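To start, the structure under review is shown below, and the notes come after it.
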């Protein structure tokens with residue numbers, strides 16, 4: 001456990017020196033803790049935005065892969081298909097105009113239906129693209145707002161409040177360090193036991209098989225001696 005405490009001290013050495021030099025200043029409280037205690041809704045909002053953006057980016061990345069299929073009907077399209085659909089849409093609208101003037105070009109209503117179908121496909125994909133752009137802007141705005149809120153909250157925290165928060169954080173860090181070392185020792189013990197088990201474990205079936213084999217060999221020996 002000495003190693004756990006030494007590791008804990010080394011990680012927080014700068015904090016201990018700052019406390020010794022300047023006291024329990026609120027500047028020692030990490031931004032994330034201030035947000036969590038004062039503005040949890042901001043963190044929750046940012047987390048939701050980042051999670052949704054990651055989901056959309058994964059969709060666009062998957063659409064760029066070969067043999068992509070939109071099995072979940074998300075509406076996302078590969079870039080090449082978007083380009084092809086735009087060309088088809090332009091052609092369908094052009095044919096629709098020609099067919100309205102001259103029936104020899106075909107049924108203008110069929111071209112209209114085809115154009116609307118393509119527009120709907122492109123609109124679904126564009127909605128996802130627009131959502132991703134909006135999320136990027138929202139994340140940037142939320143992050144800027146987060147920094148501003150942290151500074152405002154930090155100015156309102158008294159020395160006594162800061163001391164309580166900092167002491168609680170230092171205590172949590174200490175217990176986390178001990179738990180990490182305990183988990184490492186636990187994993188080492190489990191690995192050692194599993195190693196012994198794999199080397200020396202014998203099942204009941206193996207014991208019975210060896211017993212039956214020994215009994216059969218003894219019987220053959222006794223028969224050879226004329227006892228059976």
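Under the simplified labelling scheme, the residue 218-residue 159 pair shows an inter-label distance of 8.6 nm, with each label point 7 Å from Cα along Cα→Cβ. Here the relative contact order of the chain, from alpha carbon pairs under 8 Å that lie six or more residues apart, stands at 30 percent.
Taking every alpha-carbon pair under 8 Å whose residues sit at least 6 apart, region 30-156 reaches a relative contact order of 33 percent. Just checking the listed ones, 121, 186, 49: in the Gaussian network model of the chain with Cα springs under 10 Å, the one fluctuating most is 186.
The value for the chain of Rg(Cα) / (2.2 N^0.38 Å) is 2.05. Our estimate of slack between residue 207 and residue 5, defined as 0.36 nm per intervening residue step minus the Cα-Cα distance, is 67.9 nm. Considering all alpha-carbon pairs of region 1-123, what whole percent are spaced by more than 17 angstrom? Roughly 76 percent, rounded to a whole number. Length gained on full extension, residue 102 to residue 70, computed as 0.36 nm times the residue gap minus the Cα-Cα distance: 7.7 nm. Annotation: peptides 175-184, 207-216, ranked by per-residue average of other Cβ atoms within 10 Å with the highest first, follow the order 175-184, 207-216. Angle, helix 204-225 long axis vs. longest principal axis of the chain, Cα atoms, 0 to 90°, nearest 10? Result, in degrees: 40.
With both labels modelled 7 Å from their Cα along Cα-to-Cβ, the residue 148 to residue 44 distance reads 2.2 nm. Each part gets one Cα centre, and for region 169-228 versus region 23-60 those centres are 48 Å apart. Note on residue 178 and residue 129: their simple-model spin labels are 5.7 nm apart, each label 7 Å out from Cα toward Cβ. Note on residue 20/residue 141: beta-carbon distance plugged into 1/(1 + (r/R0)^6) with R0 of 45 Å gives a FRET efficiency of 0.70. Calculated mean residue ellipticity, 222 nm, the chain: -29000 deg cm²/dmol, from DSSP H runs (n ≥ 4) at -39500 (n - 2.57) each, averaged per residue and rounded to 500.
Just so you know, all these numbers are worked out from the coordinates, no wet-lab data involved. Predicted, not measured: the structure shown is a model, and the values here were computed from it. Heads up, the Cβs are rebuilt from the backbone with ideal geometry, glycines too, and the neighbour counts pull from every protein chain shown.
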